[in-house]
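Structure, as C-alpha cells:
The values are calculated or read from the model by the stated rules, or taken from the named source; none is laboratory data. These figures come from a predicted structure and were not determined experimentally. A quick note on method: Cβ atoms are made from the backbone with ideal geometry, for glycine too, and the neighbour counts reach across all protein chains shown. Accessible surface is based on the protein model in full, side chains and every heavy atom, while ligands, DNA and RNA are left aside. Shrake-Rupley method; radii C 1.70, N 1.55, O 1.52, S 1.80 Å.
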Amino acid sequence: MLILLQLLFAHLLTDFVLQPNSWIKHKRKYKVKSYFLIIHTLIAGVLTVLFLQKLEWWYIGLIISVTHFLIDWWKLNQKKDNLKYFLLDQFFHLLVITMVWLYLINGFSNILPFLKEVFNSTAILAVIGTYLFVIFPAGFLIGKATKKWQNEIEETHKKNSLDDAGRYIGIFERILVLTFILTNNFSAIGFLIAAKSILRFSDKSETGARKQTEYVLIGTLISFTITILLGLLVRQFLFQ
C-alpha cells in the first residue's frame, strides 16, 4: 500500500500542485508543441522515482512520463475541456498508476482469484447490481413515468433550471438513499428529503410554480420509492 500511496502522491503534486494555470493555458494553446507539456511530464516521472526512493526503478519513472504525456496529449486534442474529459484524464492516469503498482508488488497473480471471488459472490453482485439499477434504469423509468408532466412544465418554465441538473440530482439522491438503507441509517433519509424540500422551495407567486413543485414532488416520490424498495429487498436478501 505504501508504494501505491507514493505513486498517487507524486501524481497529485504533478497534476495539481506543481502545475500553474499559465502552464495549462500554454498547453491548451500550443498542445503538443508546448514545452510546458514536456516539463510537466518529466516532473511526473522524476517525482515518481524520488518518492519510490529506488533508482533501480528508473524505468517506472520513464513509463509514468511517457504515459502522462500521451494521456495529456489526448486530452489537449479534445474540442471541449469539461468535467467529462477531466474525469477521463484522471481515470487514465490512475489506471496507469494502478497497473504500475500491481507490477511492482507482483499483484497481477492475485487479480484473477480476486475477480473470481467477486463474480462468484451473490451478495457483492446483488449490491453492485442494485446500485447500477438505481443509477441508470431507474432514471429512465422515472423519466418515462413523468414525461407528460415534464412537457407541460417546459411550456411554462423554459430554461428555468440548469441543463440535466434534475437528472444528476436524482442519481445522487438514489445513491445516497440506497447507501443509507444498506448501512442501516434510515433516519438520514428523512434529513435528505427535508433538505431537498427546502432547496426546491419556490415562490408560489411565480406563474406555474405549483405545477413545477408538484412535478418535482412526483419525481422525488417515485425515485425514493423505487430505491427504498430495492434497498429493503437487498437488505432482506443479505441479512436473512
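Toward the positive end of the charge dipole of the chain, with +1 on the Cβ of Lys and Arg and -1 on the Cβ of Asp and Glu, the farthest Cα among ILE97, LEU192, GLN78 is that of GLN78. Rounded to the nearest 500, the helix-only mean residue ellipticity at 222 nm of the chain stands at -25500 deg cm²/dmol, with each DSSP H run of n ≥ 4 adding -39,500 (n - 2.57). Principal-axis analysis of the Cα atoms of the chain puts helix 209-238 at an angle of about 70° to the longest axis. Figure note: VAL46, VAL216 ranked by solvent-accessible area, largest first, 1.4 Å probe, ligands and nucleic acids not counted: VAL46, VAL216. Charging the Cβ of each Asp and Glu at -1 and of each Lys and Arg at +1, and nothing else, the dipole of the chain about its Cα centre rounds to 580 debye. Build a GNM of the chain with springs between Cα atoms under 10 Å apart, and of GLU214, GLU173, GLU117 the one that fluctuates most is GLU214. Ordering PHE133, PHE114, PHE191 by accessible surface, largest first, gives PHE191, PHE114, PHE133; the 1.4 Å probe counts only protein heavy atoms, with every chain in place. Computed from the C-beta positions of THR122 and LEU95 and an R0 of 30 Å, the FRET efficiency is 0.60 to the nearest 0.05.
The trypsin sites (Lys or Arg not before Pro) of the range 1-57 meeting both criteria, a DSSP state outside H, G, I, E and B (loop) and at most 15 other C-beta atoms within 10 angstrom of the site's C-beta, are LYS54. For Cα Rg over 2.2 N^0.38 Å, computed directly from the structure shown, the correct entry in (1) 1.35; (2) 1.16; (3) 1.07 is (1).
A full extension of the chain between TYR30 and PHE108 corresponds to an added length of 24.2 nm, given 0.36 nm per residue minus the alpha carbon distance. The angle between the Cα long axis of helix 21-30 and the longest principal axis of the Cα atoms of the chain comes to about 80 degrees, rounded to the nearest 10. The C-alpha atoms of the chain define a longest principal axis, and helix 35-52 lies at about 80 degrees to it.
In the complete set of protein chains, residue-level accessible area for ASP81 is approximately 80 Å², probe 1.4 angstrom. Residues TYR168, TYR131 ordered from highest to lowest accessible area at a 1.4 Å probe: TYR168, TYR131. Take every pair of alpha-carbon atoms less than 8 Å apart whose residues are at least six positions apart; their mean separation over the length of the range 1-112 yields a relative contact order of 27 percent.
Legend: calculated FRET efficiency, ILE218 to ALA195, from the Cβ-Cβ distance at R0 = 25 Å, rounded to 0.05, equals 0.85.
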